[in-house]
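Computed from the coordinates by the stated procedures, all read-outs in this text should not be read as laboratory data. All values derive from a computational prediction rather than experimental measurement. Cβ sites come from the backbone with ideal geometry, for glycine too, and all protein chains shown count toward neighbours.
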């Protein structure tokens, strides 16, 4: 069974601190996606990682992908309150003639002022 | 960038009635669209793949007769929840891959369904 697991599920951190969210997946996939979701809202695309070793950064967030380890990380640097949200990773699999997304369990982040 | 819209953004209906949710790709054509369901504080679960001009493909455990999907054109897919029950209350999100990037999906703003 294909699994995409995130760790931790919940994260409460102080402003200014650093932390990493991990995304492990059980299938062979060369692509991984990170999304942010605010309460009551849909998904906002953060990063699209397309190959092994890919690293992307945007502001205080940096994502990386290790396809051999089937692991992606989302690193938060000097967190601010505005980063409070739920973060999802997703991998795509090709099945039945199309690419489908399998989402991770999600990480609920709360940044405390 | 590619834009996907949904209508309505929220809907309340009574048990036993049917409700239709629309998903439109505004600036690109989508031969394939996806429908997800998200319960509170949970992840997104793929319900079905909507294919223009052919039948939808449903994920295991999703009732085809309850969740009717019609992909009427290259820019419109509809999800009809038939004989709705309170347990169908959820956040429904559609997505579509823009032309040329078959692996990347753009997500709609979601539809909050409440069945009373």
- [ ] Starting from the Cα gyration tensor of the protein assembly as shown, take the square roots of the eigenvalues, sort them a ≥ b ≥ c, and report rounded, prolate or oblate (rounded when a/c is under 1.5, otherwise prolate if a/b is larger than b/c, else oblate).
- [x] prolate
Task: Simple spin-label estimate for residue A:41 and residue A:75 in nanometres, 7 Å along Cα-Cβ - done: 2.5 nm
Open item on the list: For the ranges A:52-64, A:18-30, A:97-109, what's the packing order if you count other beta-carbon atoms within 10 Å of each residue, average per peptide, and put the highest first?
Closed with: A:97-109, A:18-30, A:52-64
TODO: Evaluate the relative contact order of the range B:1-111 (contact order divided by residue number), counting alpha-carbon pairs under 8 angstrom at least 6 apart; express in whole percent.
DONE: 35 percent
Task: Relative contact order %, chain A, counting alpha carbon pairs below 8 Å whose residues are six or more apart - done: 35 percent
- [ ] Could you tell me whether chain A comes out rounded, prolate or oblate from its Cα gyration tensor? Rule is a ≥ b ≥ c as square roots of the eigenvalues, rounded for a/c under 1.5, then prolate if a/b exceeds b/c, otherwise oblate.
- [x] prolate
TODO: Give the calculated FRET efficiency between residue B:87 and residue A:14 to the nearest 0.05, with a Förster radius of 30 Å applied to their Cβ-Cβ distance.
DONE: 0.15
Task: Calculated FRET value between residue A:58 and residue B:7, using beta carbons and R₀ = 25 Å, to 0.05 - done: 0.25
Task: Calculated FRET value between residue B:112 and residue A:66, using beta carbons and R₀ = 25 Å, to 0.05 - done: 0.10
Task: Average beta carbon contacts from partner chains per residue of A:43-49, 10 Å cutoff - done: 3
Task: For A:98-106, mean number of other protein chain Cβ atoms within 10 Å - done: 6
Open item on the list: Classify chain B from the C-alpha gyration tensor, please: rounded if a/c falls under 1.5, else prolate or oblate depending on whether a/b exceeds b/c.
Closed with: prolate
Open item on the list: Averaged across B:60-68, how many Cβ atoms of other chains sit within 10 Å of each residue's Cβ atom?
Closed with: 0
